[in-house]
Amino acid sequence: MKRKRRNRISLVLACLASLIFLWYSPAYAQPQANPANYGAKAALQDPSLTLNEMLTYAIQDEYLARSRYNAILKKFGERPPFSRIKRAEERHIQALRPLFSKHKVTVPKDTSLLYTTTPVSLKEAFAAGVRGEMDNIAMYDKFLKERNLPQDVKNVFSNLQNASKGHLAVFQAYLNQLRHQQPGDQKQLEDQKQPEDQRQPADQKQPADQKQPEQPQ
């Protein structure tokens, strides 16, 4: 009787240990807060936007992208294009910061980790990059349609949107390559050359007649 009880207790403890492991494993990491309330997703749901809100949503989304790629790099190790694009997100954040000072808006704290998930596979990581960059592009598209947007803000938003379009194309190329890879394919994604970040300096104005790349559908 005592032996059966000990075995039952051991089994229960083993099950609990497995559940704890799965819960805290990075592969099963879940956001602690609702992503719809942060960054681009929140901006796209906002029916009326102030300059303060647009700047806040913009830097939140760049925070979120940086945290997303940090989580991916932590799980899968240093690999292109995530390491390069993470550095680009750092530059995007730095490009936005002067606008907060100039327009007397408080820079929000980076709480993006609360809204970040860790992909369970490399394919999912690239898909997350595609989704994130598409949301970012749509957010800036919405901002750039706002009337009375200060020219310096418009320049930065336009430059960052163009950079995100470049990032999107890179992620889509990697994702397509993964989808078409055959078992035993020796071709490594790490060997694929990628274009440099094409973002112009934040204070450089875009020509009025310059055609913008079409937004992916």
>> Among the numbered criteria (1) more than 11 Å from the chain's Cα centre (by Cα); (2) at pLDDT below 95, which one does PRO108 miss?
In response: (2)
> For the stretch 129-164, what are the residues that are under 14 Å from the mean Cα position of the chain (by Cα) and surrounded by fewer than 21 Cβ atoms within 10 Å (Cβ to Cβ)?
Replying inline: VAL130, ARG131, MET134, ASP135, ALA138
> Could you say whether any residue in the stretch 67-80 is in a helix (DSSP H, G or I), touching a residue at least 12 places away in the same chain (Cβ under 8 Å), assigned by TED's automatic domain parsing to the domain that holds THR117 and under 13 Å from ASN136 (Cβ atoms)?
Replying inline: yes
>> Condition check: over 22 Å from PHE126 (Cα atoms) and within 15 Å of the chain's Cα centre (by Cα). Does TYR57 satisfy that?
In response: yes
> Would you say VAL120 is modelled with pLDDT under 95, of a type in the set (A, V, I, L, M, F, W, C) and either within 14 Å of the chain's Cα centre (by Cα) or not in a helix (DSSP H, G or I) (or both)?
Replying inline: yes
>> Looking only at residues that are over 15 Å from ARG131 (Cβ atoms) and crowded, with 16+ Cβ neighbours inside 10 Å in the stretch 62-74, which one is farthest from the chain's Cα centre (by Cα)?
In response: ASN70
> Is it the case that the stretch 89-109 has a residue that's touching a Lys or Arg at 6+ places or on another chain (Cβ under 6 Å) and either more than 18 Å from LEU149 (Cβ to Cβ) or hydrophobic (A, V, I, L, M, F, W, C) (or both)?
Replying inline: yes
> Looking only at the stretch 88-112, which residues are free of Cβ contacts under 8 Å to residues at least 60 places away in the same chain, farther than 19 Å from THR50 by Cα and assigned to a helix (DSSP H, G or I)?
Replying inline: GLU89, GLU90, ILE93, GLN94
> Does THR56 qualify as being touching a residue at least 40 places away in the same chain (Cβ under 8 Å) and part of a loop (DSSP other than H, G, I, E, B)?
Replying inline: no
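Conditions (1) at pLDDT below 95; (2) closer than 17 Å to LEU114 by Cβ; (3) of a type in the set (Ser, Thr, Tyr); (4) surrounded by 11 or more Cβ atoms within 10 Å (Cβ to Cβ), marked per residue:
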{"site": "ARG3", "(1), (2), (3), (4)": "yes, no, no, no"}
{"site": "TYR24", "(1), (2), (3), (4)": "yes, yes, yes, no"}
{"site": "ALA40", "(1), (2), (3), (4)": "no, yes, no, yes"}
{"site": "PHE76", "(1), (2), (3), (4)": "yes, no, no, yes"}
{"site": "PRO81", "(1), (2), (3), (4)": "yes, no, no, yes"}
>> Where the second residue is charged (D, E, K, R) and modelled with pLDDT of 95 or more and the first is farther than 14 Å from THR56 by Cα and lies in the stretch 139-157, which pairs have Cβ atoms under 8 Å and are six or more apart or on separate chains?
In response: LEU144/LYS154; ASP152/LYS102
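The values are calculated or read from the model by the stated rules, or taken from the named source; none is laboratory data. Predicted model, so just to flag it, every value in this text is computed and none were measured. For neighbour counting, all protein chains shown are included, and Cβ atoms are generated from backbone atoms with ideal geometry for every residue, glycine included.
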